[in-house]
Amino acid sequence: MDRVILHSDMNSFYAAVECLYNPEIRDKPVAVGGNPEKRHGIILAKNEKAKKAGVKTGEALWQAMGKCPGLIIVPPNYERYLRYSKLSRQIYNRYSDQVEPYGLDESWVDCTNSVKIHGSGEEIARKISTEIKDELGVTVSIGVSWNKIFAKYGSDYKKPDAITVITRDNY
Ligand SMILES: [Mg+2]
């Protein structure tokens, strides 16, 4: 029998967490990175609004501010990201004890042994997505497939807040 692997990727993770701590900025373009006073450093993450204005991860703050004059830049708070990363893994653990984190915002969740209890990979993905949204207030993109590579490809294929199932018939 094929394995059932999920890859979950929290969308615009650092920026999403910062918007939880500062709800008044959530409808504005937000980027996390560098030192805004010195206009120094690079963009580590951005929300959808900033992305639409052309802001890119890895570019210099001054470049991003040039493209998007209203851009709100927040310095990174790694303790917050660690906390949310841990909370997300606790949700994955409800469906599998085989959770393999990759960075702070991504994890593979091997659900091969959970489908009998919790339903298909797609159903588990839907439950995880709903629980993360309801309990943590952030969104995820999840890929479901029979191996880790296609599961990761699936989580990348459509975002934010999406589920993509890659089967042997449609890959
Ligand atoms: Mg992510």
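Helix 78-92 and the long axis of the chain differ in direction by around 20°, with both axes built from C-alpha atoms.
Summing charges over all other residues whose Cβ lies under 12 Å from the Cβ of residue 156, with Lys and Arg as +1 and Asp and Glu as -1, gives +1. Each Lys and Arg adds +1 at its Cβ and each Asp and Glu adds -1 at its Cβ; summed about the Cα centre, the chain shows a dipole of about 420 debye. What is the angle, in °, between the Cα long axis of helix 148-157 and the longest principal axis of the Cα atoms in the chain? Nearest 10 is fine, range 0 to 90. Approximately 50 degrees, to the nearest 10. Taking all pairs of distinct Cα atoms, average 1/r, flip it, and tell me the Kirkwood hydrodynamic radius of the chain in Å to one decimal place. For the chain, the Kirkwood estimate is 16.6 Å. For the stretch 78-131, applying the loop criterion from DSSP together with a ceiling of 14 other beta carbons within 10 Å to the trypsin sites (Lys or Arg not before Pro) yields 94. Multiplying the residue separation of residue 97 and residue 161 by 0.36 nm and removing their Cα-Cα distance gives an extension gain of 20.7 nm.
For the stretch 1-104, GluC sites (Glu not before Pro) are listed when DSSP marks them as loop and at most 11 other Cβ atoms sit within 10 Å of their Cβ; the list is 37.
Placing pseudo-labels 7 Å out from each Cα toward the beta carbon at residue 170 and residue 77 gives an inter-label distance of 3.9 nm.
With 27 Å as the limit, the listed pairs 127/159; 28/152; 49/148 have 28/152; 49/148 beyond it between alpha carbons.
Since every read-out is calculated from the coordinates, none of them should be taken as a lab result. What you see is a predicted model; the values in this text were computed from it and never measured. Positions of Cβ are backbone-derived with ideal geometry, glycine not excepted, and every protein chain shown enters the neighbour counts.
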